[in-house]
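A short write-up of the structure that comes next.
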């Protein structure tokens, strides 16, 4: 290596022509560095350029490569995969063994398949670059609601509609943009097969609907007080000292009144269908909105301690009392509720677990709760650890000039194009490791799952915020629909792949212990990127004669020596139904014939896939009452009843311990 030139470029590439075009910066951490010859580096950079059309620069320090800079091109992700693979194999190679190029053995079948695949890729690529006249055409007008927002097809799909490239390649059609006078736009689809045109037309409509949902959609929020008849005033108190996170300290609590119902009696009452109708509609609207959007979703209901968001309710309000009506109006307006993931500290959580294990008339063991879980007391916990790491690979952002077209006036101030790199995007990578007991009673480690969060987000995206409040106990049932982007293992930085492989259970760990059950690498390289972590010991139960799964979870938060406990509930089919969205191709959508019947079955059993005859003619929501108000269907009413029974179990455990509010 030339000591006076610590940067290596592919052969024939001049460094001065690459300024301001960086896309990714991929560090090589000390654990993966090794001495190497420049010839090996030259071969790597040339191979990446040939296979991905990406230019990569290698930065040296002595005889080690310390980082790569990947420059803009269509094959950036392929380049990242190749570099990750090379970095991961680094510790297994020596400087001498890598000095000479290796010639792989000739394989006729592999060569033929490669040629066919390359030819097919080139043929499909032609649909993205040219637009010849086709025998069959279809035109899609740009929706008026998006025109009113001054959002054009170029804004939504790129200047060359490149977001529609997967549809072009999959359906083998040509898609182009036709401007209309006065700022109107049409998208034209054409090819020599009408069936392919019609299929592509539906997919483009789905993409447009996804844009509409993202631009016009608002997170479904609804708050309802379950024990509204049990008090007249709401007192704002300070959060309990044991909470692992005190970001939001203001806690609302309904003060009991002798003039009102007895505290806790709401758990033995049946909610009226009219009360639950807004909850049902909010759930339906959220699920219908996300059916176009590719992500990994988790539909979960949890019982947690209740607080108010500090940005809408400052700590100075602690100690004040408001009428119930004023409080209820505020939480339907600007004041936001924050339902925590925890419901009890260590001692109380173990009391709740003991109560769950005696509720044999309501709960039963889940089949996956252990190899021989015949009774509730035989249930063995599942184990999970989740970490959030700052992405070691830096994504370089740059400002862009707004698109100019005839349908939009020229901005009064037009910023000049700036190609200088901006600050790195702060995206997080989520690493999740699970263990479950196998048939021999030994805990088996599952394949690690990796997710990526949007830049600037510290956790999963919340698509729904529905809360059923138990104000007397300062807690609530939260209906949430969280989403993250699944990250292929080949795109995960080697340092995180290596970290996940090294995670292990502690030897001779006692499952009744209050200590964390797992061990992992705490070296400075790893800890520099770690933002937070949580360890979960999950006890799974099944509500009898239903498919609703209840989980009581002991959770270890950072710097916490003992666990905090939480309660969640899911339908066993929700994960299966939402898994379709994790690999959703561009332009397609999840096909749920009846969203409510699918996700909230009438008696809590397997979801229905066939539309009921009454429902087909609009009879499902027919109301013959004199008030003519819409009612919730049986599915949400049944689920609400189960939530109240779980609430009674939790309350009986805390009451036996002598507690009042959690």
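Being touching a helix residue (DSSP H, G or I) at 6+ places or on another chain (Cβ under 8 Å) and outside any loop (DSSP other than H, G, I, E, B) is the filter; apply it to region 498-546 and report the residue that is surrounded by the fewest Cβ atoms within 10 Å (Cβ to Cβ).
525
Out of 518, 586, report the one residue that is within 22 Å of residue 484 (Cβ to Cβ), out of contact with any strand residue (DSSP E or B) (no Cβ under 8 Å at 6 or more places or on another chain) and either in the same structural domain as residue 385 (by the TED database) or touching a residue at least 24 places away in the same chain (Cβ under 8 Å) (or both).
Working: 518 fails: out of contact with any strand residue (DSSP E or B) (no Cβ under 8 Å at 6 or more places or on another chain).
So the residue among 518, 586 that is within 22 Å of residue 484 (Cβ to Cβ), out of contact with any strand residue (DSSP E or B) (no Cβ under 8 Å at 6 or more places or on another chain) and either in the same structural domain as residue 385 (by the TED database) or touching a residue at least 24 places away in the same chain (Cβ under 8 Å) (or both) is 586.
Okay, residues lined up against (1) outside any helix (DSSP H, G or I); (2) modelled with pLDDT of 90 or more; (3) in contact with a helix residue (DSSP H, G or I) (Cβ under 6 Å, 6 or more places away or on another chain):
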position	(1), (2), (3)
198	no, yes, no
215	no, no, no
223	yes, yes, yes
229	no, yes, no
234	yes, yes, yes
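For region 175-188, enumerate the residues that are over 33 Å from the mean Cα position of the chain (by Cα), touching a residue at least 40 places away in the same chain (Cβ under 8 Å) and not in a helix (DSSP H, G or I). Spell out how you get there, then give the answer.
Of all residues in region 175-188, those over 33 Å from the mean Cα position of the chain (by Cα) come to 178-186, 188.
Adding the requirement that they be touching a residue at least 40 places away in the same chain (Cβ under 8 Å) leaves 179, 182-186, 188.
Hits for region 175-188 are 179, 184, 185, 186, 188.
Would you point out the residue of region 1-10, among those that are touching a helix residue (DSSP H, G or I) at 6+ places or on another chain (Cβ under 8 Å) and modelled with pLDDT under 80, that is surrounded by the most Cβ atoms within 10 Å (Cβ to Cβ)?
First, the residues of region 1-10 that are touching a helix residue (DSSP H, G or I) at 6+ places or on another chain (Cβ under 8 Å): 1-2, 7-10.
After this cut, where a residue has to be modelled with pLDDT under 80 as well, the list is 1-2.
Numbers: 1: 18, 2: 9.
Once the filter is applied, the top-ranked residue is 1.
Considering only region 157-171, state which residues are part of a loop (DSSP other than H, G, I, E, B) and more than 19 Å from residue 212 (Cα to Cα).
Result: 160, single match.
Can you find a residue in region 453-476 that is part of a strand (DSSP E or B) and within 25 Å of residue 383 (Cβ to Cβ)? Please lay out each step first, then the result.
Here is the first cut: in region 453-476, the residues part of a strand (DSSP E or B) are 461-470, 475-476.
When the remaining residues are screened for being within 25 Å of residue 383 (Cβ to Cβ), the result is none.
No; the residues of region 453-476 include none that is part of a strand (DSSP E or B) and within 25 Å of residue 383 (Cβ to Cβ).
Yes or no, residue by residue, for (1) surrounded by fewer than 20 Cβ atoms within 10 Å (Cβ to Cβ); (2) more than 21 Å from residue 166 (Cβ to Cβ); (3) over 26 Å from the mean Cα position of the chain (by Cα):
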site	(1), (2), (3)
229	yes, yes, yes
237	yes, yes, yes
248	no, yes, no
252	no, yes, yes
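Does residue 330 count as part of a helix (DSSP H, G or I), touching a strand residue (DSSP E or B) at 6+ places or on another chain (Cβ under 9 Å) and at pLDDT below 90? Write out each step before concluding.
Numbers: part of a helix (DSSP H, G or I): yes; touching a strand residue (DSSP E or B) at 6+ places or on another chain (Cβ under 9 Å): yes; at pLDDT below 90: no.
No: the conditions fail for residue 330.
Of the numbered conditions (1) in contact with a strand residue (DSSP E or B) (Cβ under 8 Å, 6 or more places away or on another chain); (2) touching a residue at least 60 places away in the same chain (Cβ under 8 Å), residue 257 satisfies every one except a single condition; which is it?
(2)
Those residues that are buried (at least 17 other Cβ atoms within 10 Å of the Cβ) and assigned to a loop (DSSP other than H, G, I, E, B), I need them from region 561-571; list them, please.
The initial filter retains those residues of region 561-571 that are buried (at least 17 other Cβ atoms within 10 Å of the Cβ), namely 563-571.
Answer for region 561-571, where residues must be buried (at least 17 other Cβ atoms within 10 Å of the Cβ) and assigned to a loop (DSSP other than H, G, I, E, B): just 563.
Would you check which residues across region 336-353 are in contact with a helix residue (DSSP H, G or I) (Cβ under 8 Å, 6 or more places away or on another chain), closer than 15 Å to residue 647 by Cα and surrounded by fewer than 22 Cβ atoms within 10 Å (Cβ to Cβ) and list them? It would help to see each step written out before you state the result.
Here is the first cut: in region 336-353, the residues in contact with a helix residue (DSSP H, G or I) (Cβ under 8 Å, 6 or more places away or on another chain) are 337, 343-344, 348, 351-352.
Filter once more, keeping what is closer than 15 Å to residue 647 by Cα: 343-344, 348, 351-352.
Selection gives 348, 351.
Please give the number of the condition residue 373 fails out of (1) farther than 29 Å from residue 655 by Cα; (2) in contact with a strand residue (DSSP E or B) (Cβ under 8 Å, 6 or more places away or on another chain); (3) modelled with pLDDT under 90.
(1)
Looking only at region 337-362, which residues are touching a residue at least 60 places away in the same chain (Cβ under 8 Å) and assigned to a loop (DSSP other than H, G, I, E, B)?
Correct list: 340, 341, 342, 343, 345, 359, 361, 362.
Could you please tell me which pairs satisfy a Cβ distance under 7 Å, a separation of 6+ or placement on different chains, a first residue in region 192-204 that is within 20 Å of residue 153 (Cα to Cα), and a second residue that is at pLDDT below 95 and assigned to a helix (DSSP H, G or I)?
Cβ pairs passing all conditions: 199/171; 200/167; 200/171; 203/167; 203/171; 204/164; 204/167.
One line per residue, one yes/no per condition, for (1) outside the structural domain of residue 162 (by the TED database); (2) in a loop (DSSP other than H, G, I, E, B); (3) modelled with pLDDT of 90 or more; (4) in contact with a strand residue (DSSP E or B) (Cβ under 8 Å, 6 or more places away or on another chain):
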position	(1), (2), (3), (4)
12	yes, yes, no, no
16	yes, no, no, no
35	yes, yes, no, yes
40	yes, no, no, no
47	yes, no, yes, no
51	yes, no, no, no
70	yes, no, yes, yes
80	yes, no, yes, yes
85	yes, no, yes, no
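It is to be established whether one or more residues within region 302-313 are part of a loop (DSSP other than H, G, I, E, B), farther than 30 Å from residue 211 by Cα and more than 26 Å from the chain's Cα centre (by Cα).
Yes: region 302-313 contains one or more residues that are part of a loop (DSSP other than H, G, I, E, B), farther than 30 Å from residue 211 by Cα and more than 26 Å from the chain's Cα centre (by Cα).
Pick out the one residue from 202, 190, 162 that is modelled with pLDDT of 90 or more and surrounded by fewer than 17 Cβ atoms within 10 Å (Cβ to Cβ).
On the way: 190 fails: surrounded by fewer than 17 Cβ atoms within 10 Å (Cβ to Cβ); 162 fails: modelled with pLDDT of 90 or more.
Of 202, 190, 162, the one residue that is modelled with pLDDT of 90 or more and surrounded by fewer than 17 Cβ atoms within 10 Å (Cβ to Cβ) is 202.
Applying the selection to region 465-485, what residues are under 18 Å from the mean Cα position of the chain (by Cα) and either under 25 Å from residue 249 (Cβ atoms) or loosely packed, with under 15 Cβ neighbours inside 10 Å (or both)? Spell out the reasoning first.
Of the residues in region 465-485, the ones under 18 Å from the mean Cα position of the chain (by Cα) are 465-466, 478-485.
The answer is 465, 466, 478, 479, 480, 482.
The values are calculated or read from the model by the stated rules, or taken from the named source; none is laboratory data. Not measured: the values here are computed from a predicted model. Heads up, the Cβs are rebuilt from the backbone with ideal geometry, glycines too, and the neighbour counts pull from every protein chain shown.
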